[in-house]
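The values are calculated or read from the model by the stated rules, or taken from the named source; none is laboratory data. None of the values given here were measured: they were computed from a predicted structure. Counting neighbours? That spans all protein chains shown, and the Cβs are built from the backbone with ideal geometry, glycine included.
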Amino acid sequence: MAGEKKRDFGNVRKLASGRFQVRYRGPDGRLRPAPHTFDTKRAAQRWLKLKDAEIAQGDWFDPEAGACSFGEYAAEWVKDRDLTRKTRRTYEDLLRLHLNPTFGDMYLNAIKTADVRRWRAARLRRKKGKGQVPKAYRLMHAVLNTAVADKLIRENPCQIEGAGLEHSEERPVLSVAEVFKLADAIKPRYRALVLLATFGNMRWGELAGLRRRNLDLDKRTVRIRETVTDVGGLYQGKPKSKAGYRVVSLPELIMADLREHVETYAAPGPDGFVFVGVRGNQLRRGNFSKYWADACDAVGLEDVHLHDLRHTGNTYAAEAGASLRELMKRMGHSSSKAALIYLHAREEREREIADRLGERVTEELRGKRNDSDGGDDPPLPGAPV
DNA sequence: AGAAAGTACTGTGCCAATCA
DNA sequence: TGATTGGCACAGTACTTTCT
């Protein structure tokens, strides 16, 4: 008591109602009332003590800090990030369509894990847009992680195991015959596009952005240097990653078609696009998809996407014995994970061949035993002729 | 190394504008 | 006047990077 001033941390007072109110001073010096009143003075003092300890340990959160709506905070979050147009757009859509209808007006500190769980369950019950749920969840998680870092909320309410995971179905692999059937069926102007997507392992955006000077018919190579994306108007971009810049060599098989295509359909000059519309306009997904659908119909293929050609071509390359590194280079992948999928496919194929081989041998042995005649079956696959 | 998070791309459908 | 093109909203998928 030697003149030491007692810290004015807070006080308890009796209200006219007979209940007790607590007020405490936060680290910022402002006096705040407790969120509720107390039956007894004892309970009120106890609460004040706990609050004191919380502040002393640096665990205190400004209760008003989280009093910012999720919608506003998320909008700022997106704005502050250095995102590409496309991603920005995706995030804005996810917020508007999936998150804000539920959380937009809620205060950050009011969102509980149970709310998130309920939201997710409701969304997953819907017929459409199920696939957007994990994406929206991940975005919300990321936004709220920032809110935690900003000390606006104590912890992230997005704590649902596996909610951010997506599993996509395996895409089909076409046979060489099917690829050529498609190439025959599609408008002649896009025949080369089908072949190049397959045997050059190219993405749509890479095909749409391909310029004549990057297609070397003598060296049989295609250089991937720029891509086209299509969001609120077309714009030129760069490949997905560093590895996306690449040179892919092409099989002789398709060179005649490519040559003919360039002579007949490509835009003029080295900077001209290899693939253009009837009126010389740059290709757009939305417009191309009709021709693609028609070709698929004509051939009787269902649920085949243009992108599947890229995978198909890669599976061919894997089956032809390309190494992991070579596959990565062809596809323009920067990590081995994606390419490993195709090696998997190759292994399965080899197992299939081995199985068939085994069956044939068994059959043949059985046949030998049954009729003494050896028969004149064709040779086994891989057997010396 | 595998899971999780983060980012960027592809696919579909519809409607309006424009061109041949 | 029908085919082509542009624009947009929404859905779906592929890939890279970071975390554990």
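Looking at A:Val194, A:Val143, A:Val173, which is the one that is at pLDDT 85 or above and under 18 Å from A:Gly313 (Cα atoms)?
A:Val194
As an exercise: evaluate A:Asp184 against (1) more than 12 Å from DNA strand B (Cβ to nearest atom); (2) part of a helix (DSSP H, G or I); (3) of a type outside the set (Val, Ile, Thr); (4) touching a helix residue (DSSP H, G or I) at 6+ places or on another chain (Cβ under 7 Å) and give the number of the one condition it does not meet.
A:Asp184 satisfies all of (1) more than 12 Å from DNA strand B (Cβ to nearest atom); (2) part of a helix (DSSP H, G or I); (3) of a type outside the set (Val, Ile, Thr); (4) touching a helix residue (DSSP H, G or I) at 6+ places or on another chain (Cβ under 7 Å) except (4).
Being outside any loop (DSSP other than H, G, I, E, B), within 11 Å of DNA strand C (Cβ to nearest atom), charged (D, E, K, R) and farther than 26 Å from A:Thr221 by Cα is the filter here; which residues of the range A:253-304 pass it?
Within the range A:253-304, A:Lys290, A:Asp294 qualify.
Quick one: would you say A:Gly29 is under 16 Å from A:His141 (Cα atoms), modelled with pLDDT under 75, away from DNA strand B (no atom under 16 Å from the Cβ) and over 21 Å from the mean Cα position of the chain (by Cα)?
Judged against the criteria, A:Gly29 is not a match.
Go through (1) touching a helix residue (DSSP H, G or I) at 6+ places or on another chain (Cβ under 9 Å); (2) away from DNA strand B (no atom under 12 Å from the Cβ) and name the single condition A:Gly129 misses.
The one condition A:Gly129 does not meet is (2).
Which pairs have Cβ atoms under 7 Å, sit 6 or more apart or on different chains, and link a residue in the range A:111-139 that is under 17 Å from A:Tyr91 (Cβ atoms) to one that is among the small types (Gly, Ala, Ser) and not in a helix (DSSP H, G or I)?
Taking only residues 6 or more apart or on different chains, the pairs are A:Pro134/A:Ala163; A:Pro134/A:Gly164; A:Tyr137/A:Ala163; A:Tyr137/A:Gly164; A:Arg138/A:Gly164.
Under 6 Å by Cβ, and 6 or more places apart or on different chains, what pairs join a residue from the range A:93-110 that is free of Cβ contacts under 8 Å to residues at least 40 places away in the same chain with one that is within 11 Å of DNA strand C (Cβ to nearest atom)?
A:His98/A:Gln132; A:His98/A:Ala136
Scan the helices (runs of 4 or more DSSP H) fully inside the range A:70-160 and keep the ones with 3 or more residues being acidic (Asp, Glu) and out of contact with any His (no Cβ under 8 Å at 6 or more places or on another chain).
A:70-80
Pull out all pairs, ordered by first then second residue, where Cβ-Cβ is under 6 Å, the residues are six or more apart or on different chains, the first lies in the range A:25-45 and is under 13 Å from A:Phe9 (Cβ atoms) and in the same structural domain as A:Val12 (by TED's automatic domain parsing), and the second is assigned to a loop (DSSP other than H, G, I, E, B) and not small (Gly, Ala, Ser).
Within 6 Å, the pairs are A:Arg25/A:Phe9.
Considering the range A:145-181 alone, what residues qualify as being crowded, with 18+ Cβ neighbours inside 10 Å and without any contact (Cβ under 8 Å) to a residue 60 or more places away in the chain?
Within the range A:145-181, A:Asn156, A:Pro157, A:Cys158, A:Ala163, A:Phe180 qualify.
Scan the range A:216-228 and report the pairs whose first residue is free of Cβ contacts under 8 Å to residues at least 24 places away in the same chain and assigned to a loop (DSSP other than H, G, I, E, B) and whose second residue is of a type in the set (Gly, Ala, Ser) and surrounded by 18 or more Cβ atoms within 10 Å (Cβ to Cβ), with Cβ atoms within less than 6 Å and a gap of 6+ or a chain change.
A:Glu226/A:Gly209
Please state which of the following conditions A:Asp216 fails to meet, knowing it meets all the rest: (1) modelled with pLDDT of 90 or more; (2) exposed (fewer than 14 other Cβ atoms within 10 Å of the Cβ).
(2)
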